[in-house]
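Here is the structure we will look at, set down as structure tokens.
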Amino acid sequence: LFVVEPLGGSPRRVTTFGHDPAWHPDGRRIVFATAATQSPYSRLGGRSELWVADLANGAIRRIFEGDAMQPSVSPNGLRVAFWARRRGLARRDLFTVPVEADSPVAPVAVTDDEAVDWSPFWSADGRYLRFGSDRDGTMNLWQVAVDEASGRPLGAPEPLSVPATHAGPFRASRDQRTIVYEAGTAGFDLEKVPLGGDGLPSGPPIVLLSDLEGISDPSVSPDGRLVAFSSFPATEDLWVVGADGSGLRRITAGPFRDRAPAFSADGGRLFFHSDRSGKFEIWEIRLDGSGLVPFTRCREEQPFGALPSPDGRFVAACTGSEGAHLLPVSRTPDDPLPAPLPRPEPERRFEASAFSPDGRLLAGHAIAPDE
């Protein structure tokens with residue numbers, strides 16, 4: 001982190017690490033996080049801590065060693081607001097911790113729901129915490145009344161909508177008369193590309209669906225007649241559409257994160273991972289939305305990336321710590337996960353991405369521990 005005079009000059013190094021610096025109101029200290037914010041929907045690296053740096057002597061001190069992103073110091077310098085991911089869940093919530101504490105203290109939750117909340121900043125009088133949230137279906141500006149001394153919320157979040165379909169991050173001038181933010185729109189197309197006998201594109205792409213908010217993880221049915229995909233970011237549901245672009249239908253709906261659908265060998269079901277049980281597990285469902293049942297029910301692990309084999313015998317799934325596992329389709333949800341597949345290198349785990357057409361080989365890639 002560096003500081004520089006507002007009208008220019010030589011920058012002065014404050015720390016040798018850190019991201020998202022936030023001024024303390026005394027102007028002599030800076031609170032910062034140890035991880036960079038790329039997007040509220042994704043996180044790079046592991047846990048992010050909060051530190052404070054003294055500009056006069058360069059001394060630094062850790063004030064919170066839990067997960068914390070994009071800190072903002074309250075107007076009277078009492079508390080730091082930040083957002084963090086809930087362990088094992090896709091949602092992001094807001095918290096506060098005191099700037100000064102003799103010993104580590106637990107953070108106070110400001111939000112605790114299924115929405116993705118991020119980019120917090122305080123009102124000039126310290127009575128409100130303003131932040132970005134997708135709780136109404138689009139990422140926009142919200143505020144919640146808080147007690148600055150304790151950091152506890154005093155009511156439900158209220159919208160402060162800005163004219164954008166996706167807004168954030170947000171920053172405000174000290175007097176709060178001006179708020180600046182990024183605004184943008186994003187549209188996703190689902191396309192198919194014809195292939196020649198050599199496996200290379202033989203013509204221009206054909207658009208199946210156009211200008212949707214988010215399309216992720218498309219999967220083609222074994223007979224090539226259907227395509228399944230998941231939507232994001234406001235709602236993460238499963239969808240199926242014909243390979244000619246017709247017959248679009250939603251398979252799942254609700255506040256859960258349903259991701260990465262993959263067709264069973266007979267094409268009649270979808271395997272996917274979801275946090276609908278409180279943490280991520282593998283689930284299966286019929287194409288008409290019926291027959292939703294868990295495929296795994298683990299005690300600690302959180303499997304993801306279900307990949308059924310073409311012969312219908314196995315489902316490959318990954319865990320963040322051990323890599324890919326090969327699960328028999330005949331298993332019961334409470335069966336323990338089998339031993340992981342061999343590591344390609346001692347310090348890297350194997351994550352599966354595709355079966356060979358005959359189901360005898362499994363392709364994938366090597367992942368380092370922090371990736």
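The values are calculated or read from the model by the stated rules, or taken from the named source; none is laboratory data. Not measured: the values here are computed from a predicted model. These accessible areas exclude ligands, DNA and RNA; they are computed on the full protein's heavy atoms, side chains included. Shrake-Rupley method; radii C 1.70, N 1.55, O 1.52, S 1.80 Å.
Structural remarks
- Compared with the rule-of-thumb size 2.2 N^0.38 Å for a compact globular protein, segment 158-266 has a Cα radius of gyration ratio of 1.45.
- Of the solvent-accessible surface of segment 80-190, computed with a 1.4 Å probe and all protein chains present, 50% belongs to carbon and sulfur.
- For segment 220-358, the ratio of Cα radius of gyration to the globular rule of thumb 2.2 N^0.38 Å stands at 1.03.
- Cα gyration tensor, segment 305-371 - rounded (a/c under 1.5), prolate or oblate: oblate
- Residue-span extension gain [S202 to Q38] - 0.36 nm each, minus C-alpha spacing: 55.4 nm
- Dimensions (Å) - segment 117-219, Cα atoms, principal axes, largest first: 69, 25, 19
- Once the chain from S246 to A366 is taken as fully extended at 0.36 nm per residue, the excess over their C-alpha distance is 39.5 nm.
- Within the accessible area of segment 224-306, the carbon and sulfur atoms contribute 51%, probe 1.4 Å, all protein chains present.
- Solvent exposure of the chain as accessible area per residue, Å², 1.4 Å probe: 51
- Our coupling estimate for segment 168-174, obtained by passing each phi through the Karplus curve with A = 6.51, B = -1.76, C = 1.60 and θ = phi - 60°, is x, x, 10, 9, 10, 5, 4 Hz, Gly and Pro reported as x.
- HN-Hα J in Hz across segment 118-129 - Karplus 6.51, -1.76, 1.60, θ = phi - 60°, x for Gly and Pro: 7, 6, x, 8, 8, 6, 4, 8, x, 8, 9, 10
- When Rg and the Kirkwood Rh are both derived from Cα coordinates, the Rg/Rh ratio for segment 1-140 amounts to 0.97.
- The H on the amide N of A167, modeled in the peptide plane, is under 5 Å from the matching H of M139, N140, each at least 5 residues off or on a different chain.
- In sequence order, calculated HN-Hα J values of segment 47-56 (Karplus, 6.51, -1.76, 1.60; Hz; x Gly/Pro): 5, 10, 9, 10, 10, 10, 10, 8, 6, 6
- Long-range amide H partners of V146 with built H, under 5 Å: Y128, L129, L154
- The Cα atoms of the chain define a convex hull whose projected area, averaged across directions, is 23.0 nm².
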